[in-house]
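Peer 1: Here's a structure for you.
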Protein chains: 2
Amino acid sequence: MQTDVFSPELSSLVLAVPDNPLRALYPYNTRPGMLNLASGHPSRDAYDVEGLTEASHRATLDATAWSYGPSAGDPELIAALVALTPPRPQGHRLIVTSGAQQVVDLALRSLARPGSTVLLPEPVYPAILAICAAAGLRVSGYRVTAEDPDLTDLGRLLGQVGVSALYAQPTFSNPGGETWSLPMRKRLLELCAAYRVSVVEDDPYRFLSFAGAPPAALVELSAEVAGSVVIWAGSLSKILAPGLRLGWAAVPQAIAQPMTDLRQAGDLQPNSLAQRVALRYLELDRLDAHLSRVRKLYAARRDRLAAALARADFTLEPAAGGMFLFPALPEDARAEGLFERALDQDVLYAPGPAFALERGDHRLGNRLRLCFAGLDAETLGTAARRLVAALKE
Amino acid sequence: MQTDVFSPELSSLVLAVPDNPLRALYPYNTRPGMLNLASGHPSRDAYDVEGLTEASHRATLDATAWSYGPSAGDPELIAALVALTPPRPQGHRLIVTSGAQQVVDLALRSLARPGSTVLLPEPVYPAILAICAAAGLRVSGYRVTAEDPDLTDLGRLLGQVGVSALYAQPTFSNPGGETWSLPMRKRLLELCAAYRVSVVEDDPYRFLSFAGAPPAALVELSAEVAGSVVIWAGSLSKILAPGLRLGWAAVPQAIAQPMTDLRQAGDLQPNSLAQRVALRYLELDRLDAHLSRVRKLYAARRDRLAAALARADFTLEPAAGGMFLFPALPEDARAEGLFERALDQDVLYAPGPAFALERGDHRLGNRLRLCFAGLDAETLGTAARRLVAALKE
């Protein structure tokens, strides 16, 4: 069948959604022999397939897995997620979402009206830019660095008219692999409280800490900082399986209902089957052992990649957890054309400018985001050698 | 932990999202002994649990179920859904979503910018109003009736400034149980094409036809109507299981990418596990037999409820498929307080005004939406007797 179809005018908001530069890398990954340092995906050998399969079998035993359920999430799963949620001020409620991405989307759209401004860290995980564009939100970049312990730059930004929310990834950040110190966290909360700006804390890597517990979450600290408001976003994607598409939020009562209303408008409710599988998995009491195994695996991989990069004179701070390194090239390296030369060597990475707030901003041109989680230690060594070969070409 | 939390100002869009009057009925349903005619949920005895369980076991055999996948959906599932999709113009693509609700959300947000108008049928499924409010869209109601075969009223509405899209549920509609004739369908497409207004066709009940095939879908007819554009929305919720939260769209190429971008911004991608379960289910070749069983079950239930209502002098058109009757009360009935008197009789229904475009509009006050799918024929008979008793009180 064929017909003349007019091209409907599309909404300016939709047209403003930027291409995700990370998803644009996928086609390269299918080339035979390519080693992928680009994608922030958990390693397939880091899934607890036995536990997930057992949980799935149990989940299918009752009709709840097949039926409609509450928009805010399965109450039994919510009860089980309490143990995985940081301590939080009284009055925070938990709601289940389709990944932490949906928490951030619902939170920003609840807090910020079209035309208002959201503060984002620089560099930033680019999917957050898509949320802001689709909602008609402006963005401004901020930095939290040891050189500015009073966060005076951030204070100036918070004082601008029309700032509605601040998005933060203070623990094992993507792409930077950075973790903010406790004093920095408190200072940021004090500033946000003073300017009455709510904080969205994206915290999917908290359980992938390689050396002891990470600093307290912003949501925990908010209990000590009068007037601060934090919406905390967690995810099962990095600790259990991204295919379950389950995240959850700890959110002040006054924002939980609007976020749930918005979620119901968009897609009614979380996936019933996936929620029951997650619940039954958590009941198996395997998560601690599983996470302990994954942390050791990833720590060894980080060590291997960081060592290879240091030997080749990259500058880097070895992330204390999570999945990413964000090294700077050696001083004398030729950044131009490196991505293509790396492809020729069959190694794929995510170029630094993919994490800029604006397309065409090349100030991060000498940075590479490298995921150390997806390849085993030996293959990571090979990938690093290929990268160094591309550098020297 | 306790602290003073300021109440952040929320976005005016979020505050405008109306409460879903159907979800507000849920608490009544938990009363012991209550018979629920209100909820549009498939009957639990209409799930093919054996097939779904078998499909789940197969789905867990490969890591695809646990991993990230494409934002537009699992390519193997998309290939399997082709057989369930109406014929459509060349250049339409299929994308997988979290239920038909998400198709409508993504489609309307792609086609209509904030402040523009979407035309909705009266009465309307109220979750569509939530989509429009959250996106800042205005709504106007239209009717397709035999009294206005040229759809002159609709033509007048389409001619207004700022109309961006028309939402339609032409087959076994919720709540009306109505099905538009073929000439009406063509006339509507001609009008929409003339005014260059795109149509979103919500078609979750197509496979629940009790007497032969329903009229051709709008998307099929659009191939014959030059200039018409239709985005078709299908769902596995009513034919397989709502807990899978899977729908899909057939959408012109030029709109498929913007819808996928928006989807990626909101929650990245469809649920990988649920997609693999649906794929493995469709491979089992049980769907035709399952649907044949469900259609017979629901047809018998419709007959039982329609007969009981007719005996009690309700006015109704027995729906030729789907899940709903939308009868008018007998002429001499006292509508006021009926909902409460029905609760006293332990029977729950969805009051007509829940399907008005504006809260507080009581023109549908003498209508009731009754779902005949969720109770067996004998229990439906009891529910109808209780309703009639409430009416006579």
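Peer 1: Restricting to segment A:107-116, and then to whatever is out of contact with any strand residue (DSSP E or B) (no Cβ under 7 Å at 6 or more places or on another chain) and assigned to a helix (DSSP H, G or I), can you tell me which residue is nearest to the other protein chains (Cβ to nearest Cβ)?
Peer 2: A:S110
Peer 1: One residue is enough: does segment B:261-280 have a residue meeting the conditions more than 7 Å from chain A (Cβ to nearest Cβ), modelled with pLDDT of 95 or more and within 22 Å of B:V124 (Cβ to Cβ)?
Peer 2: no
Peer 1: If you don't mind, another one. Taking the stated definitions as given, is B:R31 among the charged types (D, E, K, R), surrounded by fewer than 19 Cβ atoms within 10 Å (Cβ to Cβ) and away from every other protein chain (no Cβ under 12 Å)?
Peer 2: Values: among the charged types (D, E, K, R): yes; surrounded by fewer than 19 Cβ atoms within 10 Å (Cβ to Cβ): yes; away from every other protein chain (no Cβ under 12 Å): yes.
The answer is yes for B:R31.
Peer 1: When you check A:S43 against the structure, is it crowded, with 20+ Cβ neighbours inside 10 Å, out of contact with any Cys (no Cβ under 9 Å at 6 or more places or on another chain) and touching a residue at least 40 places away in the same chain (Cβ under 8 Å), yes or no?
Peer 2: Numbers: crowded, with 20+ Cβ neighbours inside 10 Å: no; out of contact with any Cys (no Cβ under 9 Å at 6 or more places or on another chain): yes; touching a residue at least 40 places away in the same chain (Cβ under 8 Å): yes.
In short, no.
Peer 1: Can I ask one more? Pairs needed: first member in segment A:52-72, in contact (Cβ under 8 Å) with a residue 60 or more places away in the chain; second member anywhere, in a loop (DSSP other than H, G, I, E, B); C-beta distance under 6 Å; at least 6 residues apart or different chains.
Peer 2: Short answer, once both residue conditions are applied: A:S56/B:T60; A:W66/B:Y47; A:W66/B:A241; A:Y68/B:H41; A:G69/A:Q269; A:S71/A:Q269.
Peer 1: Of all residues being without any contact (Cβ under 8 Å) to a residue 60 or more places away in the chain and of a type in the set (V, I, T) in segment A:216-229, which is surrounded by the most Cβ atoms within 10 Å (Cβ to Cβ)? Just the residue, please.
Peer 2: Going through segment A:216-229, the residues without any contact (Cβ under 8 Å) to a residue 60 or more places away in the chain turn out to be A:218, A:221, A:224-229.
Then drop every residue that is not of a type in the set (V, I, T), which leaves A:225, A:229.
Details: A:V225: 23, A:V229: 27.
Looking at the filtered set, the residue picked out is A:V229.
Peer 1: Another question about this same structure. Can you pull out the helices (runs of 4 or more DSSP H) entirely within segment B:224-340 that have at least 2 residues that are farther than 26 Å from B:N174 by Cα?
Peer 2: Values: elements: B:253-267, B:272-283, B:287-311.
Once the helices (runs of 4 or more DSSP H) in segment B:224-340 are filtered for at least 2 residues that are farther than 26 Å from B:N174 by Cα, what remains is B:253-267, B:272-283.
Residues checked against (1) of a type outside the set (V, I, T); (2) surrounded by fewer than 18 Cβ atoms within 10 Å (Cβ to Cβ):
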site	(1), (2)
A:G247	yes, no
A:L262	yes, no
A:P270	yes, no
A:L279	yes, no
A:V294	no, no
A:A307	yes, yes
A:G321	yes, no
A:E331	yes, yes
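Peer 1: Right, next: For the subset of segment A:192-236 comprising residues that are more than 8 Å from chain B (Cβ to nearest Cβ) and of a type in the set (S, T, N, Q), which member is farthest from the chain's Cα centre (by Cα)?
Peer 2: Checking each candidate, the answer is A:S209.
Peer 1: Follow-up question, since we're still on this one. Residue pairs, Cβ under 7 Å, 6 or more apart or interchain, first in segment B:88-102 and within 18 Å of B:L236 (Cβ to Cβ) and more than 8 Å from every other protein chain (Cβ to nearest Cβ), second at pLDDT below 95 and in a loop (DSSP other than H, G, I, E, B). List them.
Peer 2: From segment B:88-102, no pairs qualify.
Peer 1: Within segment A:6-26, identify whether any single residue is assigned to a loop (DSSP other than H, G, I, E, B) and in contact with a strand residue (DSSP E or B) (Cβ under 7 Å, 6 or more places away or on another chain), and answer yes or no.
Peer 2: Scanning segment A:6-26, I find at least one residue that is assigned to a loop (DSSP other than H, G, I, E, B) and in contact with a strand residue (DSSP E or B) (Cβ under 7 Å, 6 or more places away or on another chain), so the answer is yes.
Peer 1: Scan segment A:48-81 residue by residue and report those that are outside any helix (DSSP H, G or I), more than 8 Å from chain B (Cβ to nearest Cβ) and buried (at least 20 other Cβ atoms within 10 Å of the Cβ).
Peer 2: Answer for segment A:48-81, where residues must be outside any helix (DSSP H, G or I), more than 8 Å from chain B (Cβ to nearest Cβ) and buried (at least 20 other Cβ atoms within 10 Å of the Cβ): A:D48, A:A72, A:G73, A:D74.
Peer 1: Can you say whether B:D332 is of a type in the set (D, E) and at pLDDT 95 or above, as far as the supplied structure shows? If you could, list the steps in order and put the result at the bottom.
Peer 2: On the way: of a type in the set (D, E): yes; at pLDDT 95 or above: no.
No.
Peer 1: Find the residue count for segment B:359-380, including only residues that are in a loop (DSSP other than H, G, I, E, B) and not acidic (D, E).
Peer 2: The number of residues fulfilling the criteria is 11.
Peer 1: Can I ask one more? Only one of A:G337, A:G381 is free of Cβ contacts under 8 Å to residues at least 60 places away in the same chain and outside the structural domain of A:P121 (by TED's automatic domain parsing); which?
Peer 2: Numbers: A:G381 fails: free of Cβ contacts under 8 Å to residues at least 60 places away in the same chain.
Matching residue, one of A:G337, A:G381: A:G337.
Peer 1: Among the numbered conditions (1) more than 12 Å from every other protein chain (Cβ to nearest Cβ); (2) part of a loop (DSSP other than H, G, I, E, B), tell me where A:L157 comes up short.
Peer 2: Answer for A:L157: the failing condition is (2).
Peer 1: Right, another one. If I filter segment A:249-260 down to residues being surrounded by fewer than 24 Cβ atoms within 10 Å (Cβ to Cβ) and of a type in the set (A, V, I, L, M, F, W, C), which single residue comes out as nearest to the chain's Cα centre (by Cα)?
Peer 2: This residue is A:A256.
Peer 1: Same structure again: Taking B:A213, is it surrounded by fewer than 24 Cβ atoms within 10 Å (Cβ to Cβ) and assigned to a helix (DSSP H, G or I)? Please lay out each step first, then the result.
Peer 2: Values: surrounded by fewer than 24 Cβ atoms within 10 Å (Cβ to Cβ): yes; assigned to a helix (DSSP H, G or I): no.
Here the answer is no, as B:A213 does not meet what is asked.
Peer 1: Taking the residues in segment A:19-28 that are more than 11 Å from chain B (Cβ to nearest Cβ) and under 24 Å from B:G266 (Cα atoms) as candidates, determine which candidate is surrounded by the fewest Cβ atoms within 10 Å (Cβ to Cβ).
Peer 2: Here is the first cut: in segment A:19-28, the ones more than 11 Å from chain B (Cβ to nearest Cβ) are A:21, A:24-25, A:27-28.
Of the ones still in play, those that are also under 24 Å from B:G266 (Cα atoms) are A:21, A:24-25, A:27.
Working: A:P21: 16, A:A24: 10, A:L25: 18, A:P27: 8.
Within segment A:19-28, the match that is surrounded by the fewest Cβ atoms within 10 Å (Cβ to Cβ) is A:P27.
Peer 1: Can you tell me which residue among A:G91, A:G73 is in the same structural domain as A:L236 (by TED's automatic domain parsing), modelled with pLDDT under 95 and not polar (S, T, N, Q)?
Peer 2: Details: A:G73 fails: modelled with pLDDT under 95.
Answer to the check: A:G91.
Peer 1: Here's a follow-up. When you look at B:V161, is it without any contact (Cβ under 8 Å) to a residue 60 or more places away in the chain, in contact with a helix residue (DSSP H, G or I) (Cβ under 9 Å, 6 or more places away or on another chain) and of a type in the set (V, I, T), yes or no? Outline the logic, then answer.
Peer 2: Details: without any contact (Cβ under 8 Å) to a residue 60 or more places away in the chain: yes; in contact with a helix residue (DSSP H, G or I) (Cβ under 9 Å, 6 or more places away or on another chain): no; of a type in the set (V, I, T): yes.
Judged against the criteria, B:V161 is not a match.
Peer 1: Quick check, is A:A383 under 15 Å from A:A306 (Cβ atoms), among the hydrophobic types (A, V, I, L, M, F, W, C) and outside any loop (DSSP other than H, G, I, E, B)?
Peer 2: On the way: under 15 Å from A:A306 (Cβ atoms): yes; among the hydrophobic types (A, V, I, L, M, F, W, C): yes; outside any loop (DSSP other than H, G, I, E, B): yes.
In short, yes.
Peer 1: To continue, here is another question. Scan segment B:184-206 for residues that are in contact with a helix residue (DSSP H, G or I) (Cβ under 7 Å, 6 or more places away or on another chain) and either surrounded by fewer than 21 Cβ atoms within 10 Å (Cβ to Cβ) or outside the structural domain of B:P252 (by TED's automatic domain parsing) (or both) and report the count.
Peer 2: Adding up the residues that qualify gives 2.
Peer 1: Among the residues in segment B:142-149, are any β-branched (V, I, T), under 16 Å from the mean Cα position of the chain (by Cα), assigned to a loop (DSSP other than H, G, I, E, B) and away from chain A (no Cβ under 14 Å)? Break it down stepwise before answering.
Peer 2: Filtering segment B:142-149 for residues β-branched (V, I, T) gives B:144-145.
Okay, now just the ones that are also under 16 Å from the mean Cα position of the chain (by Cα), so none.
No, segment B:142-149 contains no residue that is β-branched (V, I, T), under 16 Å from the mean Cα position of the chain (by Cα), assigned to a loop (DSSP other than H, G, I, E, B) and away from chain A (no Cβ under 14 Å).
Peer 1: How about segment A:134-172: which of its residues are closer than 30 Å to B:P258 by Cα and either surrounded by fewer than 20 Cβ atoms within 10 Å (Cβ to Cβ) or among the hydroxyl-bearing types (S, T, Y) (or both)? If you could, list the steps in order and put the result at the bottom.
Peer 2: The initial filter retains those residues of segment A:134-172 that are closer than 30 Å to B:P258 by Cα, namely A:134-142, A:162-169.
Hits for segment A:134-172 are A:R138, A:V139, A:S140, A:G141, A:Y142, A:G162, A:S164, A:Y167.
Peer 1: Regarding B:R301, is this residue closer than 28 Å to B:P27 by Cα, in contact (Cβ under 8 Å) with a residue 24 or more places away in the chain and in contact with a Leu (Cβ under 8 Å, 6 or more places away or on another chain)? Walk me through how you get there before you give the answer.
Peer 2: Numbers: closer than 28 Å to B:P27 by Cα: yes; in contact (Cβ under 8 Å) with a residue 24 or more places away in the chain: yes; in contact with a Leu (Cβ under 8 Å, 6 or more places away or on another chain): yes.
In short, yes.
The values are calculated or read from the model by the stated rules, or taken from the named source; none is laboratory data. Nothing here was measured: the structure is a model prediction, and the numbers come from that model. Neighbour counts run over all protein chains shown; Cβ positions are idealised from the backbone, glycine included.
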